[in-house]
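These notes concern the structure reproduced below.
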Amino acid sequence: MSTEVTNMAEPTTTYQPSAAPEHEPPPAQAPAATATPAQEPLAAHEPAQPPMQDQGPMQHQGEIAIDTDSTYSEDDLSTYTASLTSSVLNFPTENGRRYHAFRQGTYLFPNDEPEQDRMDLHHEMYMRACNGKLHLAPLIDTKDKRFLDLGTGTGIWCVEMGDCYPEAEVIGNDFSPVQPTMVPKNVKFEVDDIESPWTHNQKFDYIHSRFLAGAIADWPKLVERCYENLNPGGIIELQDGDFLTYSEDGTTKGTWLEKWSTDFANAAKKGGRIVQPGPQLENWVRAAGFEDVHHEKIRLPLGVWPKDKKLKEVGAFNLVQLKEGLEGFSFALFTRVLGWSLDEVQVLLGKVRKDLSDRNVHSQNDMHIVWGRKPLTA
């Protein structure tokens, strides 16, 4: 059920990776070579999930108790069924990091292998924070339905959704063609800019995005496009964060981590992006016309300081992925937008890493998950 997509300004490149043996689960993804927490098996993904009003919240409210005790894929161009142009594959490098070529400079974070490894580690952290669920919105009847993942990154979410819902078509798009080639036969990827006009010739039944903080210039317009491209009764689910770190006990005040977090947010804003879309997702979804809107906030500790076992594991994954991502998050924004030298950035990041390793600094950030339904009469 392959759909060729064309962008009016530049052709959208659609490619179908080679299919993995039918419905076999994808191989386990090894995190980056740094020390990572021991992983417990994830709960099996439930294909059909009841409405969340019948479930308890992902997290209990109140302050997080403190424990007082002391990647992934390689490009294989021979499997592409479409010819990818040099404008898509000629990745530029800057300060030792590799960036996307399609619409160069629009996205300020790298797409190289270290960043791909970090993204997959971030996915594992998210799965543990959400009790092994790939989505919170209820997807009941998925036969012959079309799913779209915006800004798919390494494509790991699409691959796992393709395994969970073999009767649905799963499409992921991104600036960079860095997704795996061995995927379920119902999964495909596109190279496209989701902020340009959409030209799909079929609408979707479920549109998903996760952690596009710092990547989108006009969030309300993007949500409106999702509404326009959903079938009546279709579902949108946006999962995004608030990159600003904080502490419930004030231990982040005056730290280099706080300075970096603030400078990072200011640089993104100066560059026309926001890194705190999470708290605003619900308003954007309601304003676009969606009904039956739900909103859940999940706190993500940074480090192993929580006493709770699950939060400690989530915090360990979050700490590792942030440490590995600091350079990728910072280099382009701080040098291009704020005018810092690379040496100045490196000095700051060294101090930030020390704060992240300090168990007396009880930092965290938040993830917001919002989903809603397009009216059947729309």
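The values are calculated or read from the model by the stated rules, or taken from the named source; none is laboratory data. Being a predicted model, the structure only gives us computed values, none of them experimental. When the accessible area is computed, the model is the full protein with side chains, heavy atoms only, and any ligands, DNA or RNA have been set aside. Shrake-Rupley method; radii C 1.70, N 1.55, O 1.52, S 1.80 Å.
Suppose all protein chains stay in the model; what accessible area per residue would a 1.4 Å probe give for the stretch 301-378, in Å²? Each step should come with its number before you reach the end.
Numbers: 2940 Å² over 78 residues.
For the stretch 301-378, the solvent-accessible area averages 38 Å² per residue.
Can you tell me which lysines have their Cα less than 29 Å from the Cα of K253? Leave out same-chain residues fewer than eight positions away.
List returned: K269, K270, K297, K307, K309, K310, K312, K323, K351, K354.
Keeping the other protein chains in place, figure out the carbon and sulfur percent of the accessible area of the stretch 193-306, with a 1.4 Å probe. The partial results should precede the final answer.
Details: 2000 of 4290 Å².
Taking all protein chains in place, the stretch 193-306 shows 47 percent carbon and sulfur surface.
Please state, as a whole number in µm²/s, the translational diffusion coefficient that the Stokes-Einstein equation yields for the stretch 104-196 at 37 °C and 0.692 mPa s, with Rh defined as the Kirkwood radius across alpha carbon pairs.
Working: Rh = 14.1 Å.
Value of D from the Cα-based Kirkwood radius: 233 µm²/s.
Could you provide, to the nearest whole Å², the per residue accessible area of the stretch 135-197 with probe 1.4 Å?
Numbers: 1460 Å² over 63 residues.
Solvent-accessible surface per residue comes out at 23 Å².
Please report, in Å, the Rg and the Dmax of the stretch 112-157, where both are computed over Cα atoms only.
Radius of gyration, then largest Cα-Cα span, for the stretch 112-157: 12.8, 38 Å.
Report D for the stretch 228-351 in µm² per second (integer): Stokes-Einstein, Kirkwood Rh on Cα pairs, 4 °C, 1.567 mPa s.
Working: Rh = 16.8 Å.
For these conditions, the coefficient is 77 µm²/s.
Semi-axes of the equivalent ellipsoid of the stretch 150-301: what are they in whole Å, largest first, if each equals the square root of 5 times a C-alpha gyration tensor eigenvalue? All intermediate terms of the calculation are to be shown ahead of the outcome.
Details: eigenvalues 176, 69, 50 Å².
Ellipsoid half-lengths, sorted descending, are 30, 19, 16 Å.
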